[in-house]
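The values are calculated or read from the model by the stated rules, or taken from the named source; none is laboratory data. Quantities reported herein were computed from a predicted structural model and do not represent experimental measurements. Cβ coordinates were reconstructed from backbone atoms using ideal geometry, including for glycine residues, and neighbour counts include every protein chain displayed. When the accessible area is computed, the model is the full protein with side chains, heavy atoms only, and any ligands, DNA or RNA have been set aside. Shrake-Rupley method; radii C 1.70, N 1.55, O 1.52, S 1.80 Å.
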Amino acid sequence: MRFLIVVLGLLGGLQTATGLGLLPRSAAGREQLMHDRSLAKRQDVRPALLYPERNISVPVDYFHNDTRYEPHSNASFNLRYWFDDTYYKPGGPVFVLLGGETDGAGRLKFLQKGIVHQVIKATNGMGIILEHRYYGKSFPVPDLTTANMRFLSTEQALADVDYFARNVQFEGIDASLTAPSTPWIVYGGSYAGAQAAFLRVVYPETFWGAISSSGVTTAIYDYWEYLEPARLYGPPDCIKNTQLLIDVVDGILVRQNDTALTQSLKDAFGLGDITDDRDFANQLGGVFGLQSTNWDPDESSSSFFKYCQKITTQEPTAMEYLRPTVASLVYAAGYPNDTVVQNITLNAISWIGSTAVIAWRRSLETQDAYFTSLNATALQQYTSLEDYSWTSWPYQVCTEWGYIQTGSTPADIMPLISRTLDLEYNTFLCRAQFGIDSPPDIDRVNKYGNYSIAYDRLAFLGGNADPWRPATPLWYPDSRESSTEHPWHLIQWGVHHWEENGVFENETTPFLPPPQVVYAQQFLKNFVVDWVAEFKEQNARQELR
């Protein structure tokens, strides 16, 4: 079975430097992404050999006065982390990268050649990757049954980081580097970027500075805005053609609402045995691949570019035999005798045929079994610790964060996904997997500051074409005046926390990394250097008193 969990990963499961990104909505899209990311990577030195994993014992429950965590626990569990002291010198900062909603081991490359490496080299600092509770190997419970998920919340996870910063001891380092006697600077991307921002606000005495990269500081239930950056910054022909395609599909499924026409539409796409119209419409989400694009070829998925290339083909000769059928469907959708819209629809049929249909045929399953997102039995089986990528982030989505990516675009905007993909459909997993039938309590997240969150030495960076930008302070207001105390930077034509990953110094070229990424990384490094100098100056003044 290959049903789609739409909320999987703000950055989950397949997360790379682009962020956990959202998994592709179509089954074929997921398989293409996994193939792209399984290709040979640079094998200079495996990060796991350079950075042994460590553990610190932390409390399971920090909030014994809150009834939401009943029954409470006095137990502790091991939180996993890694560190790099290659460049450390006394007086240097601790720069910790938050693992977010994925296996922390996947972040080790940032110690080796990414933003952590660049910062600790410039500041003689200590670099850390810290895993998040309920991900990787950091579990406070024996299984992921719903009752055991209660300790997975934003505030519990933030308290873990504070406890870690105030209690960790590094093997091989004689001096104590705990906060607040040492400047701790926390960095995170996407969900972890929101965590970084929240830590600076909630625990300002612990963390000297924080960097929120593509940080989703605003929880949103109906997150139709996810595709707004694609509409505004995506390739114009690809975006316009997608809007016309979806209008044809909704013209049949919604405006006509005719059983025979709907069956004809599904048959034309080779998906005639999908029963639920929404499961069918759910396969037409090629634009979701934008989040998985990256400036680094080793980290980028090609699915978005392949989709755009196919949907904008001028002469769709491969599907020409279907033109009479498509012409009648396009006519019924409100585009009489429109050859351009016919061509777009034929292109989409060709794309589905070369991705979703081929993937389904390999599965030897029925189309309903392969494509549905409405299989409660399948969802309820994900209760072992190994199933965390199917359970932990969906639980956070259903309880606190939302981010249900719907087709509920305002009437004056042509949508990029079908309007049939509504909240009821996309929250099925909350009801089926966790028994949650009410909206997430987004106030538990937004209380930290949402769009207006600000604090001294709290930085915000991100790409202007990032699908998650509408949930970050970088979206509204559109810009702020940047300063050393309040850094603010949009990476032009950048996507999801693009400044996080890097290449080895001997692999740089005039175009890799691209100039806007080089600028963003140097911008970040420089204000961190200034923050560390400010810490030292403040301590020196206090010693003179």
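Can you give me the relative contact order of the chain as a percent, contacts being Cα pairs under 8 Å and 6 or more apart?
Relative contact order comes out at 21 percent.
For the chain, which whole-number percentage of the solvent-accessible area (1.4 Å probe, protein heavy atoms only) is attributable to carbon and sulfur atoms?
51 percent
Suppose we keep just the alpha-carbon trace of the range 222-434; what are its Rg and Dmax in angstrom?
When restricted to the Cα atoms of the range 222-434, Rg and Dmax are 17.6, 55 Å.
If you project the alpha carbons of the range 457-545 onto their three principal axes, what span does each projection cover, largest first, in Å?
49, 39, 16
Could you work out the percent of alpha carbon pairs in the range 57-169 separated by over 16 Å, rounded to a whole number?
61 percent
Quickly work out the residue 492-to-residue 376 label distance, labels modelled 7 Å from Cα along the C-beta direction, and quote it in nm with one decimal.
Calculated label separation equals 5.3 nm.
What percent do you get for the relative contact order of the range 222-434 when only Cα pairs under 8 Å and 6+ apart count?
Relative contact order of the range 222-434: 32 percent.
Once phi is turned into θ = phi - 60°, what whole-Hz ³J(HN,Hα) does the Karplus curve with 6.51, -1.76 and 1.60 give for every residue of the range 158-172, x standing for Gly and Pro?
Going residue by residue, I get 5, 5, 4, 5, 4, 4, 4, 5, 8, 10, 5, 10, 9, 4, x Hz, with x marking Gly and Pro.
So, with +1 on the Cβ of K and R and -1 on the Cβ of D and E, and no other charges, what is the size of the charge dipole of the chain about its Cα centre, to the nearest 20 debye?
That gives a dipole near 700 debye.
Over 31 Å apart: what share of the alpha carbon pairs of the chain falls there, rounded to a whole percent?
Result: 47 percent of Cα pairs exceed 31 Å.
Divide by every residue of the chain the summed helix terms, -39500 (n - 2.57) for each DSSP H run of at least 4, and state the resulting mean residue ellipticity at 222 nm, rounded to the nearest 500 deg cm²/dmol. Show your work: numbers first, answer last.
Details: 21 runs with 193 residues, N = 545.
That calculation yields -10000 deg cm²/dmol at 222 nm.
Per residue, how large is the accessible surface of the chain? Use a 1.4 angstrom probe and give square angstrom.
Here the per-residue accessible area is 38 Å².
If you restrict to DSSP beta bridges whose two residues both lie in the chain, what percentage is antiparallel, to the nearest 5?
35 percent
For the range 191-261, go through all pairs of different Cα atoms, get the mean of 1/r, take its inverse, and jot down that Kirkwood value in Å.
In the range 191-261 this quantity evaluates to 15.8 Å.
Stretch residue 169-residue 505 to full length: gain in nm at 0.36 nm per residue minus the Cα-Cα span?
Full extension from residue 169 to residue 505 adds 117.9 nm.
Listed here are the pairs 447/525; 89/137; 89/536; which of them are more than 21 Å apart at the Cα? Write down the numbers at each step before the final one.
Numbers: 447/525 30 Å; 89/137 30 Å; 89/536 14 Å.
The pairs that break the limit, which is 21 Å between Cα atoms, are 447/525; 89/137.
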